[in-house]
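Only the coordinates and a few stated rules stand behind these numbers; no lab work does. Source: prediction; values computed, not measured. Ideal geometry is used to build each Cβ from the backbone, glycine not excepted, and the neighbour counts take in all protein chains shown.
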Amino acid sequence: MALWDRIKESASQMQSQLVARKNDLKSGAFRDASMAMCALVAAADGTVDPAERQRVAQLISTNEVLQNFPADDLRRRFEENLDKLTADFAFGKVSVLQEVAKAKKKPAEARAVVQIGIVIGGADGDFDKDERAVVREACYTLDLPPHEFDL
């Protein structure tokens with residue numbers, strides 16, 4: 001199977017798992033951590049292009065799991081995290097990873113946050129090394145083994 005097909009299949013499987021747990025993913029910690037994860041993946045290479053912002057905006061408005069929360073609130077949280085990362089990536093990453101860590105207490109939420117990162121990273125068909133690296137780092141922050149997600 002080609003790499004592109006594996007990425008699409010993996011993102012699709014992650015999305016299916018998220019939908020199956022939709023009712024368990026309603027906490028403020030999950031909301032904050034998932035938007036922080038989206039920002040991390042969008043800014044993984046040190047820049048945020050309009051296409052990445054658009055992918056996250058589309059995810060926020062169409063993702064069944066994220067519809068547990070008001071879209072405007074999610075966008076605001078995403079943008080706040082992006083602002084931290086674009087102002088000073090290294091310093092901002094520490095702050096944004098603290099947001100990701102909010103999901104650490106509930107393993108189902110922690111796994112869902114990682115899955116959202118993979119869905120966002122694979123949305124353009126190229127889950128690149130920088131995106132993989134920040135999702136892997138988020139796994140460590142959440143005390144999850146990266147190999148569980150093929151990272």
For this session: Along Cα→Cβ, 7 Å out, is where each label goes; now give me the distance between the ones at Asp150 and Ala108 in nm to one decimal.
Result: 2.5
Seminar exercise, completed: Ranked output for segments 43-56, 120-133 by mean other Cβ atoms within 10 Å, highest leading, reads 120-133, 43-56
Exercise. Taking the Cα-to-Cβ direction at Arg76 and at Gln98 and moving 7 Å from each Cα, how far apart do the two end points lie in nm?
Worked result: 2.0
Problem set entry | segment 36-151 - Rg and Dmax from Cα coordinates, angstrom | 12.8, 34
Exercise. Taking a threshold of 22 Å on the Cα-Cα distance, which of the pairs Lys105/Lys129; Lys26/Lys105; Lys26/Lys104 fall above it?
Worked result: Lys105/Lys129
